[in-house]
């Protein structure tokens with residue numbers, strides 16, 4: 001790892017000796033990983049272009065709050081008050097790629113700090129600069145104080161692609177992007193995914209969205225039909241649905257056991273059964289496997305002064321090892337002891353009362 005000390009003008013290197021040994025006053029040869037360095041250069045210069053593009057698209061209030069430059073990606077945090085729209089991200093991305101296509105030479109200048117104080121140059125307020133600073137310029141599009149490694153020409157970046165935009169703190173946004181061959185691989189993977197979807201749907205590329213919309217409509221219609229059939233089956237008195245009716249204190253109490261039924265079908269069925277009995281209480285248990293059950297309790301309004309659906313549900317849920325509740329006329333709850341359902345039904349009077 002290399003560390004530059006701007007005050008002393010020295011670059012120090014931290015190394016790990018894996019074989020042999022290093023002694024004082026020995027001469028060593030340091031070799032830079034050229035491929036890795038080029039990748040970092042592309043991402044670093046692209047970060048400068050991104051910073052400038054954000055300021056031009058969003059406004060001069062944009063200030064860098066942090067960044068990360070790696071061989072495979074770049075990350076840039078900045079001050080902004082809201083999520084970037086798709087249009088804003090597209091403008092930023094297009095602007096950066098325009099500067100890449102223009103193949104603008106990247107210039108480096110070394111000046112005394114006093115010479116640059118009044119110039120339009122981006123600097124980080126938290127950084128400590130020495131008497132002399134290095135200015136990295138991409139024509140008049142971007143000028144920043146920076147001591148890092150950069151490409152010599154923006155065309156070397158090749159391609160710039162934003163992959164995400166998110167919030168990292170209050171008033172701080174984050175953009176992550178890729179460049180060069182990594183960006184090309186990113187686009188290839190997404191195109192391959194699009195091609196797989198097109199092949200699966202058996203439609204031309206320009207018909208993919210419409211085909212997906214059609215499938216969603218078909219699924220929605222099928223789900224509606226399934227719920228309707230489910231409810232008709234539950235109301236049919238099929239032998240597959242255990243149903244029992246008793247009378248408690250002159251009020252009919254109907255209990256029923258079903259399996260793997262949706263919540264809205266349970267509610268609708270309870271309402272319909274309550275209308276059928278005219279006055280009384282309906283309890284429907286819904287088995288969801290060996291260790292899970294939910295249920296609904298419906299009390300017709302004319303007897304809510306005597307029976308409370310929420311309290312009945314609470315008592316049953318306790319027996320089932322769960323919880324829940326609701327209004328005086330309707331409640332829903334669940335538990336993890338479906339093996340207790342038969343006991344509850346046989347002793348329903350104690351739970352209702």
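No lab work stands behind these numbers, since they all come straight from the coordinates. These figures come from a predicted structure and were not determined experimentally. Here the Cβ positions follow ideal geometry from the backbone for every residue, glycine too, while neighbour counts run over all protein chains shown.
Numbers at a glance
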| item | result |
| --- | --- |
| 0 to 90° range, to nearest 10: angle between helix 180-201 axis and the chain longest Cα axis | 30 degrees |
| CD proxy at 222 nm, helix term only [per DSSP H run n ≥ 4: -39500 (n - 2.57); per residue of the chain; nearest 500] | -12000 deg cm²/dmol |
| Folded to 0 to 90 degrees: helix 86-101 orientation relative to the chain principal axis, Cα | 30 degrees |
| Proxy reagent accessibility, fewest Cβ within 10 Å first, across 131, 271 | 131, 271 |
| FRET efficiency, residue 149 to residue 94 (Cβ-Cβ, R0 45 Å, nearest 0.05) | 0.95 |
| Spin-label pair residue 215/residue 336, simplified geometry with 7 Å Cα→Cβ offset, distance in nm | 3.6 nm |
| Net length gained if the chain between residue 198 and residue 328 were fully extended (0.36 nm per residue, minus Cα distance) | 41.6 nm |
| Residues 197, 178 arranged by fewest to most Cβ contacts within 10 Å | 197, 178 |
| Angle in degrees between helix 309-319 and the longest Cα principal axis of the chain, rounded to the nearest 10 | 80 degrees |
| Ratio Rg/Rh [Cα only; Rh per Kirkwood] for the chain | 1.28 |
| Whole-number D in µm²/s for the stretch 233-352 (Stokes-Einstein; Kirkwood sum over Cα pairs; 25 °C, 0.890 mPa s) | 178 µm²/s |
| Per-residue Cβ neighbour rank within 10 angstrom, fewest leading, 15, 96 | 15, 96 |
